[in-house]
Amino acid sequence: MADVKLKNGYVRIANTLLDQLFLREFTLKQIRVILLIIRLSYGYNKKYAIIKPKSRFDLANIHKQDINKTLKSLINKKVLLNVDVDSYSINKDFDVWEIPYNKFYNEKNFIDVQALQFTREILTNKVSETLTLECAKNLPKNIKSKQNTYLEVSETLTKNEKKYVNHLLAQGKNPDNESNSTLTKDIIKDNIKTYIKHTYIGGENKKSKSKIDPYFNNPIADYFKSEYKRISKKDDCYLDNSKLNELLEISADYPTFKEQLPEILEKFFKITFPSGNKPSTKWLIIDGNWSGILNGEYDQYITDTTQEKEKEIDGWTL
């Protein structure tokens with residue numbers, strides 16, 4: 001029997017990135033090349049794979065005459081990055097990929113089929129804890145500061161938990177796998193973000209006339225935009241709904257995030273990757289690379305474009 005235990009190694013890849021590999025119109029050769037690079041990079045907890053000589057791409061069942069053509073097409077379409085000679089990485093910013101989605105892709109259908117993986121038995125034990133943590137972070141501050149902090153929250157969650165479980169199960173049933181199904185907290189978290197957004201962030205606080213909306217009453221987003229404009233000297237900073245909600249989560253999880261934001265953005269705008277590409281706000285916020293910037297992970301890619309400081313010689317400024 002094949003030995004497929006995780007202790008022998010595994011590839012850690014974000015679901016959103018993995019999704020793109022079957023939702024896009026890749027050719028079979030392109031998919032094989034991408035999978036080989038993922039295996040030799042993420043499979044070794046690295047950001048890029050070293051493959052030399054180039055003929056070794058034949059491991060992915062690519063004829064030697066097709067290797068250059070396939071690699072060139074993926075690099076030109078911004079799916080792969082040629083980090084260095086014989087070094088390749090996946091461009092995680094799939095928003096810039098120039099590979100179209102397949103003609104059968106439908107976002108609603110994809111959400112529906114994901115919902116089929118949930119069962120009542122699993123959700124009953126998992127959803128309550130996850131909903132409590134996620135929803136509490138997005139509740140108005142004046143509720144969280146009360147003495148009976150979670151009293152109102154608990155009453156609301158008791159109703160919403162049942163509604164959410166029923167909502168998932170209404171998408172479809174999977175009786176054959178109910179006894180074997182497993183569900184991680186992270187998977188639940190990803191799937192209930194939309195639900196929470198409508199229940200709390202977009203809802204109305206009974207004790208206040210103001211609405212909690214990530215587009216308007218989002219102080220961390222407003223601060224992010226102001227610092228972004230100040231440092232980049234650009235007139236605008238567009239943040240879509242996913243980035244606005246992510247900023248709310250980050251600021252709730254990391255209280256010092258706001259204080260460190262100027263430092264993060266200062267470095268962010270100085271980063272240039274070997275391919276010549278500049279990082280995007282999605283890379284910074286959604287992919288969570290702001291923490292890597294703080295711990296110096298990307299210092300090697302920083303190019304200081306500031307003017308040289310004035311030199312002082314013998315007390316005279318030149």
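Odds and ends about this structure:
This table checks each residue for (1) touching a Cys at 6+ places or on another chain (Cβ under 9 Å); (2) in the same structural domain as TYR48 (by TED's automatic domain parsing); (3) at pLDDT below 90; (4) over 30 Å from SER87 (Cα atoms).
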site: ILE231; (1), (2), (3), (4): no, no, no, yes
site: GLN260; (1), (2), (3), (4): no, no, no, yes
site: PHE268; (1), (2), (3), (4): no, no, no, no
site: SER275; (1), (2), (3), (4): no, no, yes, no
site: GLN307; (1), (2), (3), (4): no, no, yes, yes
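- Those residues of region 81-98 which are under 18 Å from the mean Cα position of the chain (by Cα) and assigned to a strand (DSSP E or B), in sequence order: SER89, ILE90
- Between VAL79, VAL83, VAL11, the distinction of being more than 25 Å from PRO100 (Cα to Cα) and touching a Phe, Trp or Tyr at 6+ places or on another chain (Cβ under 6 Å) belongs to VAL11 only.
- Among the residues of region 239-265, those identified as within 17 Å of the chain's Cα centre (by Cα) and among the hydroxyl-bearing types (Ser, Thr, Tyr) are SER242, SER251, TYR254.
- Scan of region 42-74 for residues that are under 16 Å from ASP84 (Cα atoms) and among the aliphatic types (A, V, I, L, M), ordered by number: ALA49, ILE50, ILE51, LEU71, LEU74
- Residues within region 1-41 that are part of a helix (DSSP H, G or I), more than 18 Å from ASN82 (Cβ to Cβ) and polar (S, T, N, Q), tallied: 4
- Selection within region 65-95 - surrounded by fewer than 16 Cβ atoms within 10 Å (Cβ to Cβ), modelled with pLDDT of 95 or more and among the β-branched types (Val, Ile, Thr): ILE75
- Among the residues examined, SER226 does not qualify as of a type in the set (S, T, N, Q) and crowded, with 16+ Cβ neighbours inside 10 Å.
The values are calculated or read from the model by the stated rules, or taken from the named source; none is laboratory data. Predicted model, so just to flag it, every value in this text is computed and none were measured. Cβ atoms come from the backbone with ideal geometry, glycine included; neighbour counts cover every protein chain shown.
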